[in-house]
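Trainee: Mind looking over this structure? Questions follow.
The values are calculated or read from the model by the stated rules, or taken from the named source; none is laboratory data. Being a predicted model, the structure only gives us computed values, none of them experimental. Quick reminder, even Gly has a Cβ in these numbers, built from the backbone with ideal geometry, and neighbours come from all protein chains shown. SASA here: full protein model, heavy atoms, side chains in, ligands and nucleic acids out. Shrake-Rupley method; radii C 1.70, N 1.55, O 1.52, S 1.80 Å.
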2 protein chains.
Amino acid sequence: MTDFLRSNVRKMPGYTPGEQPRDGEYTKLNTNENPYPPSPRVFEAIGQATTGDRLRKYPDPLGHHFRTAAARVLGVDPDAILIGNGSDEILTMITRAVVPDGGLVLAPTPSYLLYRTLAEIQGAAYQEIPFTPDWQLDPAAVPRHTALTFLSNPNSPSGTTLPVDQLANWPSPLVIDEAYVDFAVDNGLRLIGANAKILVTRSLSKSYALAGIRFGFAVGSPQVIRQLYKVKDSYNCDVLSLAAATAAIEDQEHMRANRGRILATRARMTADLRRLGFAVTDSHANFVWCRRERPIKPVYEELKNRKILVRYMNYPNYGDGLRISVGSDPEIDRLLDELAKIV
Amino acid sequence: MTDFLRSNVRKMPGYTPGEQPRDGEYTKLNTNENPYPPSPRVFEAIGQATTGDRLRKYPDPLGHHFRTAAARVLGVDPDAILIGNGSDEILTMITRAVVPDGGLVLAPTPSYLLYRTLAEIQGAAYQEIPFTPDWQLDPAAVPRHTALTFLSNPNSPSGTTLPVDQLANWPSPLVIDEAYVDFAVDNGLRLIGANAKILVTRSLSKSYALAGIRFGFAVGSPQVIRQLYKVKDSYNCDVLSLAAATAAIEDQEHMRANRGRILATRARMTADLRRLGFAVTDSHANFVWCRRERPIKPVYEELKNRKILVRYMNYPNYGDGLRISVGSDPEIDRLLDELAKIV
């Protein structure tokens, strides 16, 4: 009955949504949502966008206001920006525009699992390069002829970064996925001007606390961005998300204040988790990666029994660990209290 | 600089957004927006979804509430419904899941121009079957071995319909694009159960007056829909559009009342446009298709000078015409007044 669908799609494992309990009784530290609300300006902007005839009319297909605001904040050309319905959609668009049937998609491992999915949907080959033990990449391990490389920087689940300047001459078209970059020290925007084969992608889900809104964008050379607009659904961003995203990126003060609180919590939770016996990688993101010699899956399960959700990850040829989002201070206090009883 | 992009994408013409003036000084009859506001429940639902921590948390990836509500309204299984960021995204997902590299995509002409674009992005071949003069399809003209056929029913720009029961045994996988179906008499939902190769797509942009929100869905066999979820971005519909779409589809009374007003306006504008000398096709959608022997493009241009936007379309091997949305009664009065001065 489904044999008219492409075999690469039929072969993919069925869709398993992440744990998103709607009942509010869980402490959610599993999907790297921001524990603090978005800018008050976001709520105002949504209110305004809900008035008059805005809902019944099509949105601006090019997102002029957002691009102008983001360009000013980031110091880039508005024509260097592609708007997307979440940075996942941006990654989808880039894959469709760049990767031919049977082409090779490359990404490190352990990293974001979506890269493999995008390759599979596109009918592409997928190759993983293992990170070195200190979460770097061995240049000798990088194949030179690939259609597209995805580097999550900072990386998930490790929270580690690759030095940006080492990526400037990457041998193939490169997406630097900077969903978590606002929690790090450096970013890749300065590479765009010199190398048109590099694209930087950003999300408003994490640092701007807008996971519910679905907004992301890419920054690249205007010539390349113009090509990517061809594969975009005409009206991919709705009036409310455009209004919310524009208001959010214009309120840098709000974003920086929340980032400051998150970085402070990250520092103390890293120290406390280490005191509890976990090996915790130094993080440049809004989560930390915890491992230990003894089995760690029971810790995930025991936390879930106690209504705390963290993310258990297990990677082939690497092993497992817990990726724990940096929540609010009361949430992290609760996590540490329960962990002290478990470990 | 762009040669790392796929050649099928580079060969596509550059993106030209439709005319969406934001200044409010135009009478917009060019993009088939609903002239009446969405249900009051939509505004309430957006207000509620903007409270608490809804914006900072990820939305429900499967759209449970919407699917339950839509299934009840349409009399189908919730598992038969795929949610999308506008029905354009639904058409994109189906194309990616069904059409292989080099596969053949089929659609009638004149029809919705997006079908060709989707085929081109996918690296597929595209074939058009011309409508007969009375806007039907000659079965002998339909090739049997195609990866996917798109039929817009009602069709744009003509507003005409194909008899639904004649589509039941279409020789290839078939998308019946029912973006305008709420303005017609019949629909294709009854075909789904008997033929798993048929998918029906719907939009909330037109009959539910939510073009700004971006929400559409597909109805198909649950086995097929389950496969299509694999190619969906996990969180493709945001919390506000899910809330708005659910509220809108639950308020059938509001939709039907607006539909009634639009059908009444459509009837009298058809008669009046005919009196003004246009050949107007009987429409089953929220627009009418007008042609005439003398050149019609000057009418479009003269209307634009007078701040009325209609859609001028010109199709190879067919010719041109004006697609005019059914606006509110004052908008149509204004159109008819100005046309009387022009023609």
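Trainee: Got at least one residue in the range B:283-303 being touching a residue at least 12 places away in the same chain (Cβ under 8 Å), hydroxyl-bearing (S, T, Y) and in contact with a Gly (Cβ under 9 Å, 6 or more places away or on another chain)?
Mentor: yes
Trainee: Let me ask something else about it. Tell me yes or no: at least one residue of the range A:209-221 is open to solvent by 20 Å² or more (accessible area, probe 1.4 Å) and touching a residue at least 12 places away in the same chain (Cβ under 8 Å).
Mentor: Within the range A:209-221, not a single residue is open to solvent by 20 Å² or more (accessible area, probe 1.4 Å) and touching a residue at least 12 places away in the same chain (Cβ under 8 Å).
Trainee: Hey, B:P37 hits all of (1) touching a residue at least 24 places away in the same chain (Cβ under 8 Å); (2) over 23 Å from the mean Cα position of the chain (by Cα) but one; which does it fall short on?
Mentor: Failing condition for B:P37: (2).
Trainee: Mind listing just one residue for me: the one in the range A:120-176 that is of a type in the set (D, E) and more than 14 Å from chain B (Cβ to nearest Cβ) and, of those, nearest to A:G193 (Cα to Cα)?
Mentor: Only one residue tops the list, namely A:D165.
Trainee: For the range A:118-176, enumerate the residues that are in a loop (DSSP other than H, G, I, E, B), over 17 Å from the mean Cα position of the chain (by Cα) and touching a residue at least 40 places away in the same chain (Cβ under 8 Å).
Mentor: Once the filter is applied, which keeps residues that are in a loop (DSSP other than H, G, I, E, B), over 17 Å from the mean Cα position of the chain (by Cα) and touching a residue at least 40 places away in the same chain (Cβ under 8 Å), the range A:118-176 yields A:G123, A:W135, A:H145, A:T146, A:A147, A:S172, A:P173.
Trainee: Go through the range A:163-179 and report how many residues are closer than 23 Å to A:R266 by Cα and open to solvent by 20 Å² or more (accessible area, probe 1.4 Å).
Mentor: Selection size over the range A:163-179: 1.
Trainee: While we're looking at this one, here's another question. Have a look at A:N32, A:N8 and point out the one that is of a type in the set (S, T, N, Q) and on the phi > 0 side of the Ramachandran plot.
Mentor: The conditions single out A:N32.
Trainee: B:F217: touching a helix residue (DSSP H, G or I) at 6+ places or on another chain (Cβ under 7 Å) and under 15 Å from B:D88 (Cβ atoms), yes or no?
Mentor: For B:F217, the condition - touching a helix residue (DSSP H, G or I) at 6+ places or on another chain (Cβ under 7 Å) and under 15 Å from B:D88 (Cβ atoms) - is met.
Trainee: Which of (1) outside any loop (DSSP other than H, G, I, E, B); (2) closer than 17 Å to B:Y180 by Cα; (3) touching a residue at least 40 places away in the same chain (Cβ under 8 Å) does B:L228 not meet, given it meets every other one?
Mentor: (2)
Trainee: Are there any pairs, at least 6 apart or on different chains, whose C-beta atoms fall under 9 Å, with the first in the range B:74-90 and modelled with pLDDT of 95 or more and the second of a type in the set (K, R) and part of a helix (DSSP H, G or I), and if so, which?
Mentor: Short answer, once both residue conditions are applied: B:P78/B:R67; B:P78/B:R72; B:D79/B:R67; B:D79/B:R226; B:A80/B:R67; B:I81/B:R67; B:L82/B:R67; B:I83/B:R67.
Trainee: From the set of residues in the range A:145-162 that are open to solvent by less than 10 Å² (accessible area, probe 1.4 Å) and hydrophobic (A, V, I, L, M, F, W, C), which is farthest from A:D134 (Cα to Cα)?
Mentor: A:L148
Trainee: How many residues does the range A:209-225 hold that are within 7 Å of chain B (Cβ to nearest Cβ) and of a type outside the set (G, A, S)?
Mentor: Residues flagged as within 7 Å of chain B (Cβ to nearest Cβ) and of a type outside the set (G, A, S) within the range A:209-225 amount to 5.
Trainee: Restrict the check to the range B:181-196 and report whether at least one residue is within 12 Å of another protein chain (Cβ to nearest Cβ), touching a Phe, Trp or Tyr at 6+ places or on another chain (Cβ under 6 Å) and either open to solvent by 10 Å² or more (accessible area, probe 1.4 Å) or in a helix (DSSP H, G or I) (or both).
Mentor: Scanning the range B:181-196 turns up no residue that is within 12 Å of another protein chain (Cβ to nearest Cβ), touching a Phe, Trp or Tyr at 6+ places or on another chain (Cβ under 6 Å) and either open to solvent by 10 Å² or more (accessible area, probe 1.4 Å) or in a helix (DSSP H, G or I) (or both).
Trainee: Would you check which residues across the range B:61-111 are closer than 30 Å to B:Q136 by Cα and among the small types (G, A, S) and list them?
Mentor: B:G75, B:A80, B:G84, B:G86, B:S87, B:A97, B:G102, B:G103, B:A107, B:S111 - these are the residues of the range B:61-111 that are closer than 30 Å to B:Q136 by Cα and among the small types (G, A, S).
Trainee: While we're here: Tell me which residues, restricted to the range A:243-263, are assigned to a helix (DSSP H, G or I) and under 13 Å from A:R41 (Cα atoms).
Mentor: A:A243, A:A244, A:A245, A:T246, A:A247, A:A248, A:I249, A:E250, A:Q252, A:E253, A:H254, A:M255
Trainee: Next question, about the same structure. Can you tell me how many residues in the range A:197-209 are closer than 23 Å to A:V326 by Cβ, assigned to a loop (DSSP other than H, G, I, E, B) and not hydroxyl-bearing (S, T, Y)?
Mentor: Qualifying residue count, the range A:197-209: 3.
Trainee: Further, regarding this structure: What are the residues in the range B:66-98 that are of a type in the set (K, R) and within 12 Å of B:L118 (Cβ to Cβ), if any?
Mentor: B:R96
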